[in-house]
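Beneath this line is the structure, given in structure tokens, with notes to follow.
Every read-out reported here was derived from the displayed coordinates using simple, explicitly stated rules and does not represent laboratory data. In this text the structure is predicted, and so the values were computed from the model without any measurement. Here the Cβ positions follow ideal geometry from the backbone for every residue, glycine too, while neighbour counts run over all protein chains shown.
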Amino acid sequence: MMTPLKKIPLKKLIQQPMMFDANIFMVGIEDRASDPNCSFENMKQLYMIPMLNSFEHILIHEKVFHELDVESKNFLEEYIGKNISIVSENNLYGRDPVYTTIFNNISNHDRVRYSRGESKNRGEVYSLAYAAFYKINYFSSKEIMVDELTSDLKDLEDVQIITFDIIILLAYIYYMSQNDNTKNRALKSVYKKYCEDVIKRHRLPATLKEYFLKSAAYIK
């Protein structure tokens, strides 16, 4: 089983600065119209509240914030200035050679091919460049491309990707600590459906219960 928790236990991870990609806040958005379990309110209660109430220092790039839907933005605004900071490129591109090189190396990668001004992959490129330049070691994303980039680019060798399975694990533990098992079934379902790709890539257990047992040594 591949997991960044082998390097840093979950208890310490939530104390580190964490950069978030837009897709972490929009899991299930493609199913909202057809499945009431994927409504924003359900997802907010299920994993977003535990996530935002657990991480102590969350960074969101302004390019990512602008990509979010209205419900996500309104919800996040409750935390901005508390444990969420909105960050920007701050005119570094073209002025700082180190930042410019990092940005170009990411945007020119075969999996990205991003041109400044486009919307596709914009949030990921700006966020990863910011993380690498400012040495933010942890970046949470559900995107396969982001996971692969950190393996390919030397600029990102110190950026550890926190995949969605860890966010679900955190929510599972959060509710366990409150003696609340009413979310267990939904969390198990979300793990199975929305962590399918990372389960295959990182050879994770097929069920949330097995995943929790396998991860127990990496929690404290």
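Descriptive notes on the structure:
- Taking the average, over residues, of other Cβ atoms within 10 Å as the packing measure, peptides 195-202, 143-150 rank 143-150, 195-202 from highest down.
- Long-range tail of P(r) for region 154-220 (Cα pairs > 13 Å, %): 66
- Region 15-162: relative contact order as a whole-number percent, Cα under 8 Å and 6+ apart: 28
- Estimated inter-spin distance, S88 and R201, nm [label 7 Å along Cα→Cβ]: 3.1
- Long pairs among K6/K209; K7/K135; K135/K209; K142/K192; K82/K120; K193/K214, criterion Cα-Cα beyond 25 Å: K135/K209; K82/K120
- When both bridge partners sit in the chain, DSSP labels roughly 0% of those beta bridges antiparallel.
- Given charges at Cβ of Lys, Arg, Asp, Glu: the chain dipole, positive-most of A33, I84, I173: I173
- Length gained on full extension, E77 to N53: 7.3 nm, using 0.36 nm per residue less the C-alpha separation.
- Extension gain for D152 to S119 (0.36 nm times residue separation, less C-alpha to C-alpha distance): 9.6 nm.
- Table column - 3J(HN,Hα) (Hz), region 36-50, Karplus curve with 6.51, -1.76, 1.60, x for Gly and Pro: x, 5, 9, 4, 4, 4, 5, 5, 4, 5, 6, 10, 5, 4, x
- Compactness index (Cα Rg / 2.2 N^0.38 Å), region 46-140: 1.14
- J(HN,Hα) series, region 79-86, from Karplus relation 6.51 cos²θ - 1.76 cosθ + 1.60, nearest Hz, glycine and proline x: 9, 5, x, 9, 10, 10, 10, 8
- Label corresponding to volume of the Cα convex hull per residue in Å³ when calculated from the structure given, among [x] 123; [y] 105; [z] 136: [x]
- In region 78-200, one over the average inverse separation of all distinct C-alpha pairs is 16.3 Å, which is the Kirkwood hydrodynamic radius.
- Environment charge of N105, counting only residues whose C-beta is closer than 15 Å and scoring Lys/Arg +1, Asp/Glu -1: -4
- Mean separation of Cα contacts under 8 Å (6+ apart) over length of region 80-198, as relative contact order %: 18
- Nearest-20 debye value, region 1-132 charge dipole, Cβ charges on Lys, Arg, Asp, Glu: 560
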